[in-house]
Amino acid sequence: MTTTHTALSQRVLHLSESETLKMARMARELRALGHDVISLSLGEPDFDTPGHIKNAAFQALHDGYTKYTPVAGLPELTKAISEKFKRDNGLEYKPEQIVVSNGAKQTIYNLCQSLLDPGDEVVVFAPYWVSYWEIIKLSGGIPVPVYAGVDREFKPTPQQLDQAITGRTKFVLFSSPCNPTGTVFDRDELQAYAKVLARHDHVYVVSDEIYEYINFTHEHVSIGSFPPVKDRTITVNGFAKGFAMTGWRLGYMGAPKFIADACAKIQGQVTSGASSFGQKAGAVALMSDLGPTVAMREAFRERRDIVLSMLEEIPGIHSNHPDGAFYVFPDISAFFGKSDGHVIIHNADDFCDFVMTNAHVGLVSGAAFGDPNCFRLSYAASEEQLREAIRRLKDVLGRLR
Ligand code: PMP
Ligand code: GLU
């Protein structure tokens, strides 16, 4: 008989567990043991899906939307997405250039499977969302990070982007607003990247805009709206964050037609179309008033301000000042080498373990996102929980010498 280890493919043996989901699991396990854990590890809005969107799903079920849909999405939803791209982003994707998937995570998986051959490179802005790295590797690609630290609000320079591109680069991948940093790239910055990419016409751009509606600057810019990269940009978005619909599993993209067709072909062999009644509700979400989304955004902004002002009071924590999403990504390298008399903090992993064990607060190590000097805190939690968590954080960090 084969051992468990030899039975598994090299592919899965080389895959890391999603660090965000792992920390959420650890928090659940500690809670089950009776500990009062505050988990600020998962990027998931704590709000419920707005009522009118839920009602649209109930209505769809009543109306018999219980069957398979076209793989790329119900025509009514692909049309709504095409209109949304035009209305909000100045992007021209026709309905046949849209593919709806079971979450934006699947959208990114479809893209990597469709575009990457073994040895192809993907330039990834670092810090990056955990799953980018693993999905690229799973697809045979080589992730190539372009990194900027907290001192530059995690914004790589156009020169860095230019230097990272080789003849093997298939696409550039980044998110704005960014997970894990909350950084928002503005018009000038995106235009400067587009100018670099104009010189490399074999390179596609994958712009992940899933946090579009959680932006405190009031201007969301899509890189695909700039002429040099207009026909080479794949714009990824989804319902999870802006409409508090994480569990619905609904994401989408607009892409050059041949890429959309390739992604639909892959999806057609793996999962088929996303859930029928979820898609009906998604169309309603995009076409209705964004009032509930704006209210959530404002709540996130208030929480960001509370979190930043409380973190400022903790010596050794050097936080960024994010303009979007619901994360802060502070540098904690000042604690490296310090100890509470029992354990020594060597890196961000040790830091997060120490905080989880001693304060019962769940954070995610920046190492998982390509920055081992930082941790990610998701402030998608109640004000009361945030205040208590940071109070505990301050208390346990005060024990480190
Ligand atoms: N992109 C980014 C930047 C994310 O943070 C997430 C996490 N939800 C996703 C994509 C995937 O979203 P979904 O839940 O729609 O799969
Ligand atoms: N994207 C969220 C996060 O970064 C959800 C978890 C996940 O899908 O990895 O926490």
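Here, each number is a calculation from the coordinates, and none is a lab measurement. Since the model is a prediction, treat every value here as computed from it, not as a measurement. Don't worry about glycine lacking a Cβ; one is built from the backbone with ideal geometry, like all the others, and counts go over all protein chains shown.
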By DSSP, what percent of the beta bridges with both residues in the chain are antiparallel, rounded to the nearest 5?
45
Max mean-square fluctuation residue, GNM over the chain, Cα-Cα springs under 10 Å, options 64, 149, 247:
64
Calculated SAXS-style log₁₀ I(q)/I(0) at q = 0.15 Å⁻¹ - the chain, Debye, Cα scatterers:
-1.45
Neighbour counts of other C-beta atoms within 10 Å: give me 387, 297, 87, 304 arranged from fewest to most.
87, 387, 297, 304
Work out the P(r) tail for the range 261-316: percent of alpha carbon pairs separated by more than 16 Å, whole number.
68
Per residue, the convex hull enclosing the alpha carbons of the range 103-193 has a volume in Å³ of 93
Provide the net charge surrounding residue 237, with neighbours chosen by a C-beta distance below 10 Å and charges set as Lys +1, Arg +1, Asp -1, Glu -1.
-2
Using the count of nearby Cβ atoms within 10 Å as a rough guide to exposure, how do 134, 388 rank from fewest to most?
388, 134
Per residue, what volume in Å³ does the convex hull of the Cα atoms of the range 209-279 enclose?
90
Helix-derived mean residue ellipticity, 222 nm - over the chain, DSSP H n ≥ 4, -39500 (n - 2.57), to 500
-12500 deg cm²/dmol
Over every pair of different alpha-carbon atoms in the range 213-334, take the mean of 1/r and invert it; report that Kirkwood radius in Å.
17.4
Rounded to the nearest 10, the angle in degrees between the Cα long axis of helix 276-287 and the longest principal axis of the Cα atoms of the chain comes to 80
Looking at the range 27-168, what % of the alpha carbon pairs are farther apart than 17 Å?
77
Residue-count net charge about residue 156 - beta-carbon cut-off 13 Å; Lys, Arg +1, Asp, Glu -1
-3
